[in-house]
Amino acid sequence: MSHFTNGLLIANLLIVSSACPAANADSVSSTTVRLYSDVQLSTKALVQAQQEAVRIFRQAGVETIWVQCKPSPSPADRRCQIPPSEKFLVMRIVSKALTSAESIFGMAFLSEGRGTYSDLFYDSVEKLHQECGASVPRVLGHVMAHELGHLLLGSNAHAEIGIMRPRWHGEQLRAVERGTLFFTPEQAHLMQYRLSTAKTRPS
């Protein structure tokens, strides 16, 4: 589901509950994800969610390198201070959306078909976990991959099949549980192309 707000395209993931390989930072088809979390989530769960997202993108031939950052970036990892770009995406986990329904799990913010920022809504992830039994890390990892997919694929990224479906029903949620909800080959090729041609900021 997508809509425009003051010229900014906001891509939402709506999940409807019913019936319920090592990162290579030198790869041309790679991107670094700066992750911020405003919720109390265990380090183990957060790492497992990241591993899910890494696995999903790797299946599409894209490597994701995850960096956990604080709201005030620490000089300990300079990657938290690099300006956002296709090679340095920003993702923030917040408790809930201020204006969206509980069935919305995340938003990617796009302008002219491109974007670098996305939000995930943890309360909705936790609710789905309680209702359908899929683990929090697995659900969170798939939502992470979906929202990053919007940033890398651009406008009109939603598809009839796979992880970029705008609405996840029983069939998709069962695929999440099995870990078999992936990008299509066409989406994989487009993400690889965009990352391979994206400008890398100088060190």
(request) Note down all Cβ pairs under 9 Å where the first residue falls in segment 115-140 and is aromatic (Phe, Trp, Tyr), the second is in a helix (DSSP H, G or I), and they're at least six residues apart or on different chains. (result) Tyr117/Leu151; Phe121/Val143; Tyr122/Val136; Tyr122/Leu140
(request) Evaluate the following for Gly170: is it within 30 Å of Asp77 (Cβ to Cβ) and more than 12 Å from the chain's Cα centre (by Cα)? (result) no
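The rows are residues; the columns are (1) acidic (Asp, Glu); (2) modelled with pLDDT under 95; (3) more than 26 Å from Gly179 (Cβ to Cβ); (4) surrounded by fewer than 16 Cβ atoms within 10 Å (Cβ to Cβ).
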position	(1), (2), (3), (4)
Gln40	no, yes, no, yes
Gln50	no, no, no, no
Gln81	no, yes, yes, yes
Leu89	no, no, no, no
Gly113	no, yes, yes, yes
(request) Considering every residue within segment 135-152, establish whether at least one is over 18 Å from Leu195 (Cα atoms), of a type in the set (Lys, Arg) and not in a helix (DSSP H, G or I). (result) no
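Considering each of Ala157, Ala134 in turn, give the residue that is modelled with pLDDT of 85 or more, among the aliphatic types (A, V, I, L, M) and crowded, with 18+ Cβ neighbours inside 10 Å.
The unique qualifying residue is Ala157.
One line per residue, one yes/no per condition, for (1) assigned to a helix (DSSP H, G or I); (2) aliphatic (A, V, I, L, M); (3) touching a Leu at 6+ places or on another chain (Cβ under 8 Å); (4) on the phi < 0 side of the Ramachandran plot:
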{"position": "Val33", "(1), (2), (3), (4)": "no, yes, yes, yes"}
{"position": "Tyr36", "(1), (2), (3), (4)": "no, no, no, yes"}
{"position": "Val39", "(1), (2), (3), (4)": "no, yes, no, yes"}
{"position": "Gln48", "(1), (2), (3), (4)": "yes, no, no, yes"}
{"position": "Gln51", "(1), (2), (3), (4)": "yes, no, no, yes"}
{"position": "Phe57", "(1), (2), (3), (4)": "yes, no, yes, yes"}
{"position": "Gly61", "(1), (2), (3), (4)": "no, no, no, no"}
{"position": "Trp66", "(1), (2), (3), (4)": "no, no, yes, yes"}
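Farther than 25 Å from Lys199 by Cβ, within 16 Å of the chain's Cα centre (by Cα) and of a type in the set (Phe, Trp, Tyr): does that describe Phe109?
Details: farther than 25 Å from Lys199 by Cβ: no; within 16 Å of the chain's Cα centre (by Cα): yes; of a type in the set (Phe, Trp, Tyr): yes.
No.
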(request) Residue by residue through segment 91-102, note down the ones that are out of contact with any Ser or Thr (no Cβ under 7 Å at 6 or more places or on another chain) and modelled with pLDDT under 85. (result) Ala97, Leu98, Thr99, Ser100, Ala101
(request) Name every residue in segment 17-38 that is at pLDDT below 90, under 18 Å from the mean Cα position of the chain (by Cα) and within 25 Å of Glu131 (Cβ to Cβ), in order of residue number. (result) none
(request) Please work out which one of (1) part of a loop (DSSP other than H, G, I, E, B); (2) modelled with pLDDT of 90 or more is the condition Pro202 fails and give its number. (result) (2)
(message) Suppose we keep only residues that are part of a helix (DSSP H, G or I) and of a type in the set (S, T, N, Q) within segment 162-199. Which one would you say is surrounded by the fewest Cβ atoms within 10 Å (Cβ to Cβ)?
(response) Thr197
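The values are calculated or read from the model by the stated rules, or taken from the named source; none is laboratory data. Keep in mind that what you see is a predicted model, and the values were worked out from it rather than measured. As a convention, Cβ positions derive from the backbone with ideal geometry for all residues, glycine included, and neighbour counts pool all protein chains shown.
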